[in-house]
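Right, one structure below, let's go through it.
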Amino acid sequence: MDENPLATNALSNDFLLEEMRELWRESDTVWEECRNQLEFGGFVSADYVEIYQHLVQLQGKVTTFLEWGSGLGVVAIMASRLGYEAYGIEVEPLLIEHAQQLSERFGSEAEFAEGSFIPDDYQWGIEEVGNPSRTNFDTRAAYDDLDMELRDFDLVYAYPWPDEHGLYLDIMRTCGGEQALFLTFDAREGTSLRRARDE
Ligand SMILES: C[S@@+](CC[C@H](N)C(=O)[O-])C[C@H]1O[C@@H](n2cnc3c(N)ncnc32)[C@H](O)[C@@H]1O
């Protein structure tokens, strides 16, 4: 990897990068101020620099983008500012509120919906995907509110906890678009980009 991974041609939009750095700082501040609130219990932020690089590399190759469990909405906001048609789905209303404020402040057109990213028609077997403790299974899916279905997205991003990877991949494999790309971040493994249907 480059010593300065952002000093590449693909990331030559210095102006946008500066804005995004400000977004990352502001989202950190929100996190510092709110981290003890109950609604922030399931939220952890990813490595936005790495994810930004992926989004830049895929710019122009895919159109629709969805952030699962969008939290403060940082990745959906970056995607929108990079020209994607961007959406986020998050189960915690307070996080949606923060995401919408950040989105407006950073000139993004990302659309956020409150609810679950697990499609209502997803059939899951506990044996295959385990029993992840942090995923919310009690809320109805939010796709109708976005007037979209999971299969409509070209690129889906998620930050699963270690015990959620199997479930997330299974949802993408069974309900995602044929050609959809699945970008994940893992605190230990970093980012991974793949076509979920190929797995
Ligand atoms: C690890 S955080 C990731 C935040 C953000 N996507 C990021 O990468 O910085 C996971 C988020 O998923 C949300 N979440 C958990 N289960 C969900 C579900 N079924 N549907 C929508 N959001 C969910 C949590 O509230 C939390 O904000």
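The values are calculated or read from the model by the stated rules, or taken from the named source; none is laboratory data. In this text the structure is predicted, and so the values were computed from the model without any measurement. When we count neighbours, we look across all protein chains shown, and the Cβ atoms used for this are built from the backbone with ideal geometry, even at glycine.
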- Query: Being away from the ligand (no atom under 15 Å from the Cβ) and part of a loop (DSSP other than H, G, I, E, B), is that true of even one residue in the stretch 91-104?
  - Reply: no
- Quick one: Q101 ticks every box in (1) surrounded by fewer than 16 Cβ atoms within 10 Å (Cβ to Cβ); (2) at pLDDT below 90 bar one, so which box is it? (2)
- Leading residue by the ranking (nearest to the ligand (Cβ to nearest atom)) among those in the stretch 115-145 that are surrounded by 18 or more Cβ atoms within 10 Å (Cβ to Cβ) and not in a loop (DSSP other than H, G, I, E, B): S116
- Message: Quick check on my filter: what residues within the stretch 73-85 are away from the ligand (no atom under 12 Å from the Cβ) and not in a loop (DSSP other than H, G, I, E, B)?
- Response: S80, R81, E85
- Of (1) of a type in the set (G, A, S); (2) in a strand (DSSP E or B); (3) more than 10 Å from the ligand (Cβ to nearest atom), G88 satisfies all except one. Which? (3)
- (1) modelled with pLDDT of 95 or more; (2) under 22 Å from I51 (Cβ atoms); (3) under 16 Å from the mean Cα position of the chain (by Cα); (4) among the acidic types (D, E): which one isn't true of E114, the others all being true? (2)
- Residue in the stretch 55-72 that is farthest from the chain's Cα centre (by Cα), counting only those that are within 17 Å of D145 (Cα to Cα) and more than 8 Å from the ligand (Cβ to nearest atom): T64
- Within the stretch 172-196, considering residues that are in a strand (DSSP E or B) and free of Cβ contacts under 8 Å to residues at least 40 places away in the same chain, the one farthest from the ligand (Cβ to nearest atom): R195
- Within the stretch 116-147, count every residue that is among the hydrophobic types (A, V, I, L, M, F, W, C) and touching a strand residue (DSSP E or B) at 6+ places or on another chain (Cβ under 7 Å). 5
